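The values are calculated or read from the model by the stated rules, or taken from the named source; none is laboratory data. The structure presented is a predicted model; accordingly, all values stated were derived computationally and were not measured. Neighbour counts are summed over all protein chains in view; Cβ atoms, including those assigned to glycine, are modelled from backbone coordinates with ideal geometry.
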Amino acid sequence: MKLSVIIPVLNERTTLPDTLTHLESNRVAHEIIVVDGGSDDGTREWLATQSRARVVHSARGRGAQLNAGARQASGDTLLFLHGDCTLPHDAAARLKAALSSPAVVGGAFHVRFAGNSSLTLRAVAAGINVRSSLRRSATGDQAIFVRRSIYDAVGGFAEWPLFEDVDFVTRIKRLGRFVVIPSQVPISPRRYLNRGIWSTVVLIHALRAAYWAGVSPFVLASWFTDVRPHISGAPRPSPGWFDTNPPSSIASDFRVMSRIP
């Protein structure tokens, strides 16, 4: 297995160094590709001083950045990692075991909130993990991985402002088995802490329901402003309330839900 780890970033100067350090220490990656979407907090300047990762510059937007990184990747397996996340210590062994079956097209990990998280946050993480395991689903902060051949077969990520990860997982699951590894990826709680834990949970479920009902991800993005203080709320284009091509699985699988990134 040759694993390419692709990290889309936008203003992650404070978190990215730890992410790269952890990746180096667990020696899971054949290559690390960081895709910057126009950072203005010193991320680009810091990346220019180090050699731990190949740096790619892209238009802003997680789907566009993920695709830009994948185009540069040489591995036979792609893993998409957020800039404020790290991989579990046993990731290499878990990935090799999961991909030893030709029936497996890709997968993701369980999550936990980094640091000394509250009981409420631990309950939220547990709910995410139970849902992912039961439905064989995942979102971007669960370190989605996929065989390169499968990524190419489905045409990569939709270049949407939200739900590009949900759409991607839905499409690759049609080609084979999607596994959810119980080892936990530490994720940042900042979105929940800044907006409020239960307010964030309610918003996530409302956005997800609207997505599966066919509301455009571009419209949904206007409902979901980034609460991180270093990200400015740039306006996003909107093609209208409803997509002309809503998720194709709505009619047959309306009940399938996944957490947004």
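What to note about this one:
- Sole exception among (1) surrounded by fewer than 17 Cβ atoms within 10 Å (Cβ to Cβ); (2) modelled with pLDDT of 95 or more for Ala138, by number: (1)
- For His82, the criteria (1) assigned to a loop (DSSP other than H, G, I, E, B); (2) loosely packed, with under 14 Cβ neighbours inside 10 Å hold in every case but one, which is (2).
- The criterion of being surrounded by fewer than 18 Cβ atoms within 10 Å (Cβ to Cβ), acidic (Asp, Glu), in the same structural domain as Tyr151 (by TED's automatic domain parsing) and not in a helix (DSSP H, G or I) holds for Asp40.
- Residues of segment 187-207 that are closer than 11 Å to Leu121 by Cβ and of a type in the set (Val, Ile, Thr): Ile187, Ile197, Thr200, Val201.
- Residues that are charged (D, E, K, R) and either within 15 Å of the chain's Cα centre (by Cα) or in the same structural domain as Ser216 (by TED's automatic domain parsing) (or both) number at least 1 in the following helices (runs of 4 or more DSSP H) confined to segment 113-175: 164-173.
- Given (1) without any contact (Cβ under 8 Å) to a residue 12 or more places away in the chain; (2) in contact with a Leu (Cβ under 9 Å, 6 or more places away or on another chain), index of the condition Asn116 fails: (2)
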